[in-house]
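The values are calculated or read from the model by the stated rules, or taken from the named source; none is laboratory data. Keep in mind that what you see is a predicted model, and the values were worked out from it rather than measured. Here the Cβ positions follow ideal geometry from the backbone for every residue, glycine too, while neighbour counts run over all protein chains shown. Calculation scope for accessible area: heavy atoms of the full protein, side chains included, ligands and nucleic acids excluded. Shrake-Rupley method; radii C 1.70, N 1.55, O 1.52, S 1.80 Å.
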Amino acid sequence: MSARSEPGSPTPVYLDAASAAPTHPVARQALLAAFDDGWADPGKLYTQARRARQLLDAAREATALTLGVRADEVSFTSSGTTAAHGAVLGALAGRRRVGSTLVHSAIEHSAVLHAAERHVAAGGAAVGVPVDRSGRLDLDAWSAAVREPGVAVASLITASHEVGTVQPVAEAAAACAEVGVPLYVDAAQSVARVPLPAGWSVLSASAHKWGGPPGVGVLAVRKGTRWESPWPADEREGGRTPGVVNLPAVVAAAASLRAAAADAAAEAARLAPLVDRIRARVAAEVPDVEVVGDPVLRLPHLVTFSCLYVDGETLLHALDRRGFAVSSGSSCTSSTLRPSHVLEAMGVLSHGNVRVSLHRETTEADVERFLGELPTIVAELRADAGVVGL
């Protein structure tokens, strides 16, 4: 992806779609159109409000169709984080008579882990289930954990937001179903990229991950799932989330979701070989590097590797100076660049970490340029740090 740059500076190449994908053209068009027709309160009865309500209903129907659920099972929130918080805390509230234990994988997004911390602080319990070195859930440990007395809810990310490993959601859901435990899935990295797994009861997603506008989350709660809003009562969005939705943004999110989902298979087929190229070339051309995540059971657009003897923050800035926008450190706490809890849970190198995530505007030339410059950048940083002879 190219953008304006200062004279003499490298042309920017954006490689951080797992954080936020570039705005989809369909989202931009829908947003501008909705500003004209979708500014009124959809809860009122006059003409402008009825038009706004039509737009909201259409957005909900389109989103539900893409997710494979009923329209009345879908609510829009102010962000993916809000949707995740509501999913976890709402499911726990709805099941409090059954128990107070939340079972979750060790590699959940920080939004889920923060919700778990809130639950524990209020007197509940949370049990983390380990993953293997590729970042894939330990199914035996998961099955044992959900069978323990007092388990209210289980939470499993559909695919790692840090290393791209796809989780065995269907198998984990089957283990939950055997003991009547509802499964919540954080599908932020999967929606509009790969088919959604079966068996979940609650789902959250985030529009800016698929090229929609920021500030729109999706919360889906299947019929028959015991779920109670953790927020003060509000009649909007089926009582699942408070406040008026940003209707133009919701319309743009739904429109771009349909467009991205329609192109998902073709994009996966285009991007997966580029990720394979990055995995192979980085391992072959950069000494003392570890490419992490499952090499086969992974998202088609994401690859992570760690470079020994290189500071992650320094590497990020060096790449940025050369025009490459990537993630380093923990993807959900990148402003602090704390060691990634995901990489630590996997037992792999967590320093000098780079996450590259491609998108619909990424070209083969972008990838080749990155691969061409990376070895020199890493070698220069190591030399500056006094590490030579590798």
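Annotations
- The chain - percent of accessible surface contributed by carbon and sulfur, probe 1.4 Å: 54 percent
- Per residue, in Å², the accessible surface of segment 1-85 once ligands and nucleic acids are set aside, probe 1.4 Å: 54 Å²
- Per residue, the accessible area of segment 165-210 comes to 28 Å² when a 1.4 Å probe rolls over the protein heavy atoms.
- Stretching the chain fully between Arg70 and Val244 yields a gain of 60.5 nm (0.36 nm per residue, less the alpha carbon separation).
- Over the residues of the chain, the helix contribution to mean residue ellipticity at 222 nm works out to -12500 deg cm²/dmol, using -39500 (n - 2.57) for each DSSP H run of at least 4.
- Using 0.36 nm per residue and subtracting the Cα-Cα separation, the extra length available between Ala283 and Ala122 on full extension is 53.4 nm.
- Efficiency of FRET between Thr376 and Asp234 - r from beta-carbon atoms, R0 41 angstrom, step 0.05: 0.15
- Over all directions, the projected convex hull of the C-alpha atoms in segment 105-194 averages 5.7 nm² in area.
- Over all directions, the projected convex hull of the C-alpha atoms in the chain averages 19.8 nm² in area.
- Pairwise alpha-carbon distances in segment 146-299 exceed 28 Å for 34% of all pairs.
- Calculated from the alpha-carbon coordinates, segment 223-302 shows an Rg and a Dmax of 20.8, 58 Å respectively.
- Ordering 339-348, 287-296 by mean Cβ neighbour count within 10 Å, with the highest value first, yields 339-348, 287-296.
- With both labels modelled 7 Å from their Cα along Cα-to-Cβ, the Glu364 to Glu313 distance reads 3.9 nm.
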